[in-house]
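Here the structure comes first, spelled out in structure tokens, and everything after it is commentary.
The values are calculated or read from the model by the stated rules, or taken from the named source; none is laboratory data. Owing to the predicted nature of the structure, the values given are computational and were not obtained by experimental measurement. Cβ sites come from the backbone with ideal geometry, for glycine too, and all protein chains shown count toward neighbours.
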Amino acid sequence: MAAARATLEDIRFQPQAKVAERWPSLLVIAGIYARDKYQCRYCGEKVILTPVMRLVARLFSDVFLDRSRLSGQWGP
Ligand SMILES: [Zn+2]
């Protein structure tokens with residue numbers, strides 16, 4: 001039994017410690033949006049800061065669905 005345990009300990013699955021996602025500060029993000037004139041650098045589509053979208057979603061929750069609340073995800 002001890003030998004079996006020792007063998008299993010050797011091949012035991014070690015879950016990776018989850019690395020917390022790191023985002024720049026809101027001030028930095030807002031500066032980037034302003035720098036890029038609130039347009040996607042790749043396709044030119046208009047972009048809106050996520051906190052602004054959240055605010056709009058909260059103020060107009062009857063007409064604007066806040067998807068982040070459904071999925072529990074943060075992001076665009
Ligand atoms: Zn784009």
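Some notes on this structure:
One line per residue, one yes/no per condition, for (1) loosely packed, with under 11 Cβ neighbours inside 10 Å; (2) modelled with pLDDT under 90; (3) outside any loop (DSSP other than H, G, I, E, B); (4) within 16 Å of the ligand (Cβ to nearest atom):
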| residue | (1), (2), (3), (4) |
| --- | --- |
| Ala3 | yes, no, yes, no |
| Gln14 | yes, yes, no, no |
| Ala17 | yes, yes, no, no |
| Gly44 | yes, no, no, yes |
| Ile48 | no, no, no, yes |
| Arg54 | no, yes, yes, no |
| Asp62 | yes, yes, no, no |
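- In the range 50-73, the residues that are within 21 Å of Tyr38 (Cα to Cα) form Cβ pairs under 9 Å with partners that are of a type in the set (Lys, Arg) and at pLDDT 85 or above, at six or more places apart or across chains, as follows: Phe64/Arg58; Asp66/Arg54; Asp66/Arg58; Ser68/Arg54.
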